[in-house]
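All of the numbers you see were taken from the coordinates with simple rules; none came from a lab. None of the values given here were measured: they were computed from a predicted structure. Counting neighbours? That spans all protein chains shown, and the Cβs are built from the backbone with ideal geometry, glycine included.
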Amino acid sequence: MKPINSTIERLKPSGIRKYFDLANAMEGVISLGVGEPDFDTPWHISAKAVESFAEGHTHYTANRGLIALRRQIANYYRNRYGIDYDPESEILVTVGGSEAVDLCCRTIIEPGDEVIVLDPNYVAYEPAILMAGGVPVRIPLTQAHDFKLLPEDLEQAITERTKAVIVNFPSNPTGGVMTREDYARLVPILKASGIYVISDEIYSELVFDGEFCSPAHFDEIRDQVLVINGFSKAFAMTGWRLGYLLANPELSAQLTKVHQFVIMSAPTSAQYAAIEALEHGMPDIAAMRGEYEARRNLICARLNRMGLTTNVPKGTFYVFANITSSGLMSDEFCVRLLEEQKVAVVPGTAFGESGEGFVRISYATSMEQIKEACARIEGFLETLRDA
Ligand code: PMP
């Protein structure tokens, strides 16, 4: 047989998967490895999809998505974050934030272009860059700086060949959040270089301390920014596969071409559900956010008491726990914790080299499970000390 595409062949499967496979093969495992809300989609949202079937809405929509949904998205970004996007020409409804990441890379990147990513970063960015022929360039982030992107590091990473930077705050896996002041320091550098800013804002509703800020908030660079967001995390709608991409009209038209030929239109029933989510789902978001925050407070207090010195994440439902005091490397920590105490967490190295010495713990699971998992982690650390 002929060889397949060598870039695809060289891609490594996600480092998260290995732990799911190990955990699935065992009984009695508490999984703090998952990257999705434990809540089911609120029923009033699901009911609108059921209604849409009954009403015969079983056909394609416009390539960009239902105009009623795009208007809701425009209202949402205006009312919630003070940023205006035109529903006719600047909003594209996608198959999750996942499709949006891929569309951005394919639309912007020429073979050989450098794209800056933060390390640690979400697992899909580097494969998307590579598949588009780009070259990922990593900026290491540190716990000492709350896993934020610093202006001096950005400035140093930008070269003639840099096409874009991908930012994701609140961050998966660190839970780090960039404030308006943090972004303000980056704006002159971004403006001067003219590079695109792909801003993955999928966790924008999960900020516990302070306020969410998008780089698109800054008028000077607004047209360089491509905003990715979606319904998975905020509304507990991972299985619906719905997201969106906000960009200036010229860019949006190009992004829509790729979407048109690859996807056609996002799932129609999910779009009806999403209209309901944006119209009437804000109280649901607030309730879930409150629950995540209570869990975060509990888990961080417990981890710090165990000697795993962990920054309190300002957003998401992940905590990036520093495990260096255990004396183990991230991978060994995760394998042994799973085998000896049946708790699944993900090594920080699954998200980049700078994740060594950390594990990502998801608190998108019940308080009882979190308490039991903490007791088991404590037991695990004690056995290490006794050994
Ligand atoms: N971006 C980040 C940072 C994520 O964590 C995820 C999901 N884990 C996604 C994008 C993709 O989300 P979806 O495709 O479900 O919208």
Considering all alpha-carbon pairs of segment 92-238, what whole percent are spaced by more than 18 angstrom?
54 percent
Which order do peptides 221-234, 107-120, 370-383, 7-20 fall in by mean Cβ count within 10 Å, highest first?
221-234, 107-120, 370-383, 7-20
Given a cut-off of 27 Å, what percent of all Cα-Cα pairs of the chain lie beyond it?
50 percent
quick shape note, segment 1-86: Cα extents on principal axes in Å, largest first -> 44, 44, 36
With charges only on Cβ, +1 for K and R and -1 for D and E, what is the dipole size of segment 44-280 about its Cα centre, in debye, rounded to 20?
480 debye
With N denoting the number of residues in segment 187-279, provide Rg(C-alpha) divided by 2.2 N^0.38 Å, to two decimal places.
1.21
Checking a compactness column here: for segment 1-157, what do you get for Rg(Cα) / (2.2 N^0.38 Å), N being the number of residues?
1.36
Trypsin sites (Lys or Arg not before Pro) lying in DSSP loop within segment 120-213, provided at most 15 other Cβ fall within 10 Å
Arg161
Surrounding charge for Pro188, neighbours by C-beta under 14 angstrom, Lys/Arg +1, Asp/Glu -1, total -4
Dipole of the chain (Lys/Arg Cβ +1, Asp/Glu Cβ -1, origin at the Cα centre): which of Gly348, Val227, His217 lies farthest to the positive side?
Gly348
Using the Cα centre as the reference, give the magnitude of the dipole from point charges on the C-beta atoms of segment 201-249 (Lys, Arg: +1; Asp, Glu: -1; all else neutral), rounded to the nearest 20 debye.
340 debye
Hey, which of these cross-link pairs are over 32 Å Cα-Cα: Lys48/Lys163; Lys48/Lys257; Lys18/Lys257; Lys12/Lys314; Lys2/Lys233; Lys163/Lys314?
Lys48/Lys163; Lys18/Lys257; Lys2/Lys233
Qualifying chymotrypsin sites (Phe, Trp or Tyr not before Pro) in segment 24-89, DSSP loop, other Cβ atoms within 10 Å at most 16:
Phe39, Tyr60
Around Ser362: net Lys/Arg minus Asp/Glu count, Cβ-Cβ under 14 Å
+1
